[in-house]
Amino acid sequence: MKIESVMVTGANRGIGLEFVRQLVQLSEPPSYIFATYRSADSLKELKAIEESSVKTRVILIKMDVTVPEEIDAAKNIVESTVGEKGLNLLINNAGAVKILSFPILTLENLEFHYKVNTEGPILVFQALLPSLEKAAKFYEGGMSVSKAMVLNITSLAGSIGNAGVVFTQDLAVPGYKISKAALNMAMRAIAANIKDKGILVVNMCPGWVKTDMGGRELAQLEPHESIANMLQTLPTLNESHNGTYMDRLGQPIPF
């Protein structure tokens, strides 16, 4: 898999951090990885990757996905770096969860999840769209991760068809479930809206991963396993997968 440039949101911990770690270790790593973080207090591991990277220039960018001004500033950094080649891969990974079950669910909890998990990825995608369009025109061939792609890290929790049936542990976080279902719909609609631009849009569940957000006691997968699976799946995706919702192995999940 050859990718010239990648942007990973929420790259300072968990899944995002592991994406950066494994991307720089590829046999043909990206020339540029734009790794965003929200707080400078949690940059130790990410900075270590940045400093040790030989073939890849890892560019750290402070960006909160709920702050339009920071998204715009990040966009400017990306565009000035990649130029006319554009951005090949945007990994919309940044997300959050706060446990609060129904019926004590609050408006604040609902708004928090929607702002971070649904609005954030949409705003980031919207800001980086011109650069993704440049990549789609610059590189030949059909839709692919090496050309122009947006990978949205979603969750099985966002499946309406499976809600309360296949996986019930997430019923304690309805705000999170609702926001991920909304993300899935948003990206399916966006994929259909821009299908003629050559940008592949996919929603992918990484599995239940042992991270601060996923929980370390009950979760089933180590971050390195999950990301390795996803990086193996990405090169197999094409036009037929545009707007789809799948697991880390490429198997479809019902919306």
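For Asn193 and Ile77, FRET efficiency with R0 = 22 Å and r from the beta-carbon atoms, rounded to 0.05?
Step by step, r from the Cβ atoms, then E = 0.25.
Can you give me the % of accessible surface on the chain that is carbon or sulfur? Probe 1.4 Å, all protein chains present, nothing else counted.
For the chain, the apolar C and S fraction of the accessible surface comes to 54 percent.
If you stretched the chain out fully between Glu108 and Lys62, how much longer would it get, using 0.36 nm times the residue separation minus the C-alpha to C-alpha distance?
Here the segment from Glu108 to Lys62 would lengthen by 14.1 nm.
Once label points are set 7 Å from the Cα along Cα→Cβ at both Gln251 and Ile160, what is their separation, rounded to one decimal in nm?
With each label placed 7 Å out from Cα toward Cβ, I get 2.4 nm.
Figure the gain on full extension for Ala172 and Leu26 (residue separation times 0.36 nm, minus the Cα-Cα span) and round it to one decimal in nm.
Extra length available between Ala172 and Leu26 comes to 48.8 nm.
Counting pairs of alpha carbon atoms under 8 Å apart in space and at least six apart in sequence, what relative contact order in percent does the chain give?
About 19 percent, as a whole number.
Return the long-range amide H neighbours of Arg57 (sequence gap of 5 or more, or a different chain), with a cut-off of under 5 Å between placed amide H atoms.
Answer set, sorted by chain and number: Tyr32, Ile33.
Hey, what's the stretch 6-162 come to in accessible area per residue, 1.4 Å probe, Å²?
Solvent-accessible surface per residue comes out at 45 Å².
In terms of modelled amide H atoms, which long-range or inter-chain residues lie less than 5 Å from the amide H of Ala163?
Close amide H contacts, sequence-distant or interchain: none at all.
Going by a ≥ b ≥ c, the root eigenvalues of the Cα gyration tensor, does the stretch 42-175 fall in the rounded group (a/c under 1.5), the prolate group (a/b larger than b/c) or the oblate group?
prolate
Is the stretch 1-83 best put as rounded, prolate or oblate by its Cα gyration tensor, with a ≥ b ≥ c the root eigenvalues, rounded for a/c under 1.5, and otherwise prolate when a/b is larger than b/c, oblate when not?
Note, shape of the stretch 1-83 comes out oblate.
Distance in nm between label sites at Lys47 and Glu84, each 7 Å beyond Cα in the beta-carbon direction?
3.8 nm
Can you pull the one-decimal nm distance between simple spin-label points at Glu222 and Ser39, each 7 Å off the Cα toward Cβ?
2.7 nm
The values are calculated or read from the model by the stated rules, or taken from the named source; none is laboratory data. Quick caveat, the model's predicted, so the values are computed rather than measured. Here Cβ is always computed from backbone atoms with ideal geometry, including for glycine, and neighbour counts include all displayed protein chains. Side chains are part of the model used for accessible areas, which takes the heavy atoms of the whole protein and leaves out ligands, DNA and RNA. Shrake-Rupley method; radii C 1.70, N 1.55, O 1.52, S 1.80 Å.
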